[in-house]
Structures are given as C-alpha cells and as structure tokens.
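Below is one structure; the comments refer to it alone.
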Amino acid sequence: MKKRLTEIGQRLYRAGMVAGTDGNISVRLDDDRVMITPSGLPKGLLEPDDMVIVDIRGKHLQGKHQPSTELPMHLFVYQNRPDAVACVHAHPPYSTAFAVAGIHLTDDILPEVVLAVGTIPLTDYAPPGTDAVPKSLEPHIEKNNAFLLRNHGLLTIGRSLDEAYNRHETVEHYARIVHLARTLGNVDSIPSDDFKRLERMRHKLDETWNSEKR
C-alpha cells in the first residue's frame, strides 16, 4: 500500500494537480489504522518509506515523518463514512478556480459525473490544517464523494484508492469543460428525466456494492 500511495502522488504531480508540497493522500488500512502522506514533502517525489501510519484518533504509530497537517480532515472522513477507504486532496487548477471564485460545480451537465461522482458541494471557508475543515465538511459528508473546499482545493473520497483518485481526475476534467463551455457562452443541462435516471443508476450501483461488501 505504501507503494500505491507514492504512485498516486506521482500521478497527481504529472497531471498538474499539485505544486511544491501541496496535497495529501490517505488510505484506511483497517478499522483502527490509517496510512497518510507526510507533511512538507513533494507528492511527486515520495518514497514508500516516507508514509506515516496513525490510529483513527491520530496517534502516530509508524513512520519517520510527521503526518500531513490535513490529517484531521482525513480522519473526519473515515470516522463519518464507513464506506470510505481512501481520500485524495489536491489543488487542481480548474476545480480550485471554481472554489476560489465561490462558484458551484452543478452536477447536471455531464452524465459521467452524475454516475461516478454525484453532487459536488462547495464548503464554507476553513483555514487549512485546522479543526474548522472537518466542520466545513460536516453538512455534506453523509451523501457526497467530492467536495470543493472554498479558497483551498478539492477533496475526493472513494471505496478504493483508485476510485478516490479517479473521482479527483473526473472532477478536474469536468471543471475544465464547464469553464470552456462558459467561455463559449452557454452551458446546457442534462434533461431532468435523464438526470433522475442517471441518479437512480448511481444509487443502484452503490446498493449493489454495499450488499457485496456485507
């Protein structure tokens, strides 16, 4: 799993979704342990031995570095979403631009986003690395898988590390498409009936996954 976290860090860097030491990635190892990227190191240059393991309350268990300063945000997700296995947080330019501008990314434009991600709420502003970040997620955490963190960046969660990363990439691609469509002067929504059909499909896929995990 340490190697997989380094691979995701490299993918974020190559995709231009992080700069410098931006971003953090974590994965739930079991009910009581979480592996997370370290504080202050570039995500594109991480080595497997750089990873940090903490318990679900944040106690340092393993690793030569300190955990990411965004650890409280990750722990909040795992404590409130039993289905979440991984979190990816970065500052992808288009998604972050929407978060900085205070503009919601509506979820009724691309079918792929409706199916793979769902609603993307825009949170209240919270200083990074503080307990205010979990509080800003609290109204949205129960039913959503991606969050625009106002004046901050993007957080996506998933039932696997790949799903959390893929959602990150999907939201950033979506934000770019919406931005380009706005420059052309028009953004059409999916017809209401089909939007509801796609939502039902996503809920059915989630139910199938949940039943298989029991």
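The values are calculated or read from the model by the stated rules, or taken from the named source; none is laboratory data. Values in this document were obtained by computation on a predicted structure and should not be read as measured data. Cβ atoms come from the backbone with ideal geometry, glycine included; neighbour counts cover every protein chain shown.
Pairs linking a residue in the range 97-122 that is under 16 Å from K204 (Cα atoms) to a residue that is outside any loop (DSSP other than H, G, I, E, B) and aliphatic (A, V, I, L, M), with Cβ atoms under 7 Å and 6 or more positions apart or on different chains, are P111/L198; V114/L198; L115/L198; L115/M201; V117/A146; V117/V171. Residue count for the range 131-169 under the criterion of being farther than 27 Å from E7 by Cβ and either charged (D, E, K, R) or free of Cβ contacts under 8 Å to residues at least 40 places away in the same chain (or both): the result is 10.
Okay, residues lined up against (1) over 16 Å from the mean Cα position of the chain (by Cα); (2) within 24 Å of V171 (Cβ to Cβ); (3) free of Cβ contacts under 8 Å to residues at least 60 places away in the same chain; (4) outside any loop (DSSP other than H, G, I, E, B):
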position: K3; (1), (2), (3), (4): yes, no, yes, yes
position: T6; (1), (2), (3), (4): yes, yes, yes, yes
position: L12; (1), (2), (3), (4): no, yes, no, yes
position: G20; (1), (2), (3), (4): yes, yes, yes, no
position: V27; (1), (2), (3), (4): no, yes, no, yes
position: D30; (1), (2), (3), (4): yes, no, yes, no
position: H74; (1), (2), (3), (4): no, yes, yes, yes
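Restricting the first member to the range 40-61 and to residues that are free of Cβ contacts under 8 Å to residues at least 24 places away in the same chain and of a type in the set (K, R), and the second to residues that are in a helix (DSSP H, G or I) and surrounded by 14 or more Cβ atoms within 10 Å (Cβ to Cβ), the beta-carbon pairs closer than 8 Å and six or more apart or on different chains are R57/L75. L115 - would you say it is aliphatic (A, V, I, L, M), in contact with a Gly (Cβ under 8 Å, 6 or more places away or on another chain) and part of a helix (DSSP H, G or I)? Considered against the rule, which asks whether it is aliphatic (A, V, I, L, M), in contact with a Gly (Cβ under 8 Å, 6 or more places away or on another chain) and part of a helix (DSSP H, G or I), L115 comes out as no.
Let's see how each residue does on (1) over 12 Å from P92 (Cβ atoms); (2) small (G, A, S); (3) in contact with an Asp or Glu (Cβ under 7 Å, 6 or more places away or on another chain); (4) at pLDDT 95 or above:
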{"position": "D107", "(1), (2), (3), (4)": "yes, no, no, no"}
{"position": "E112", "(1), (2), (3), (4)": "yes, no, no, no"}
{"position": "P139", "(1), (2), (3), (4)": "yes, no, no, yes"}
{"position": "L149", "(1), (2), (3), (4)": "no, no, no, yes"}
{"position": "L155", "(1), (2), (3), (4)": "no, no, no, yes"}
{"position": "G158", "(1), (2), (3), (4)": "yes, yes, no, yes"}
{"position": "H173", "(1), (2), (3), (4)": "no, no, no, yes"}
{"position": "V178", "(1), (2), (3), (4)": "yes, no, no, yes"}
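Scanning the range 1-29 for residues that are of a type in the set (A, V, I, L, M, F, W, C) and surrounded by fewer than 18 Cβ atoms within 10 Å (Cβ to Cβ) turns up M1, A15, A19, L29. The helices (runs of 4 or more DSSP H) found entirely in the range 128-214 that carry 3 or more residues being exposed (fewer than 13 other Cβ atoms within 10 Å of the Cβ) are 161-184, 192-213.
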